[in-house]
């Protein structure tokens, strides 16, 4: 083990020497590194990225477009029995679980950032695979030897069987999930971006706030 760590240290030192900029570039590189590190930390904080490591369904509300999905889940039959991750993330092992979350989350973040999300959100194929497997995992004890236990999302796409929600269409989100479906529903709001001390200063000094245009 000690030899392994020595090899790793040697490899890191060698890599640092290769990537080390010329002496005249030290200050610009340090400044650029600081700027991009600060921007990265700010984006990480504003996006509440650490919440995606948890099992809290409120993490899905970091994107306001998920309001219909959150509201229909919370008020449906699964609201007290399962979380978003129980249904939408594979549970075969912890590595697959977080790899799936990283890939799916990156896709969602990209689409949300560049306004590519559709008005009515539907699962893509990897998501259907995860949900179908989790339906079977949770409800296997009540299905007995039902042939639906053998149906995968790929088989259903080939016309070999039906997915669970082909029949159970109202579970758990209902049939209509557009942003206009639940315009007045009460859902968790995003936490403030500004630190508490900045908010306090703005409240105590209203003259520092930008004036609203008439």
How many nm separate the modelled label positions at residue 19 and residue 110, each set 7 Å beyond the Cα in the direction of the Cβ? 2.3 nm
Cα-based Rg and Dmax for the chain, in Å, come out at 23.9, 72
Does region 1-46 classify as rounded, prolate or oblate by the C-alpha gyration tensor (a ≥ b ≥ c root eigenvalues; a/c under 1.5 gives rounded; else a/b over b/c gives prolate, otherwise oblate)? oblate
Enter the angle in degrees (range 0 to 90, nearest 10) between the Cα long axis of helix 2-19 and the first principal axis of the Cα atoms of the chain, meaning the one along which they spread out most. 70 degrees
Among 161, 127, 144, which one shows the biggest mean-square fluctuation in a GNM of the chain, springs joining Cα atoms closer than 10 Å? 144
Taking the highest mean first, how do the peptides 87-100, 55-68 order by number of other beta carbon atoms within 10 angstrom per residue? 55-68, 87-100
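Looking at the square roots a ≥ b ≥ c of the eigenvalues of the Cα gyration tensor of region 102-148, which shape do they give, rounded for a/c under 1.5, prolate if a/b is larger than b/c, or oblate?
prolate
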Taking 7 Å along the Cα-to-C-beta vector as the label spot, tell me the residue 191-residue 53 distance in nanometres, rounded to one decimal. 1.3 nm
Figure the gain on full extension for residue 199 and residue 11 (residue separation times 0.36 nm, minus the Cα-Cα span) and round it to one decimal in nm. 63.0 nm
Extension gain from residue 86 to residue 46, taking 0.36 nm per residue of separation minus the Cα-Cα distance: 11.8 nm
Helical mean residue ellipticity (222 nm; -39500 (n - 2.57) per DSSP H run of 4+; nearest 500) of the chain: -16000 deg cm²/dmol
Ranked from fewest to most other Cβ atoms within 10 Å of their own Cβ, 204, 104 fall in the order 204, 104
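All of the numbers you see were taken from the coordinates with simple rules; none came from a lab. Because the structure is predicted, anything quoted here is derived from the model rather than measured. So basically every Cβ, Gly included, is an ideal-geometry build from the backbone, and we count neighbours across all protein chains shown.
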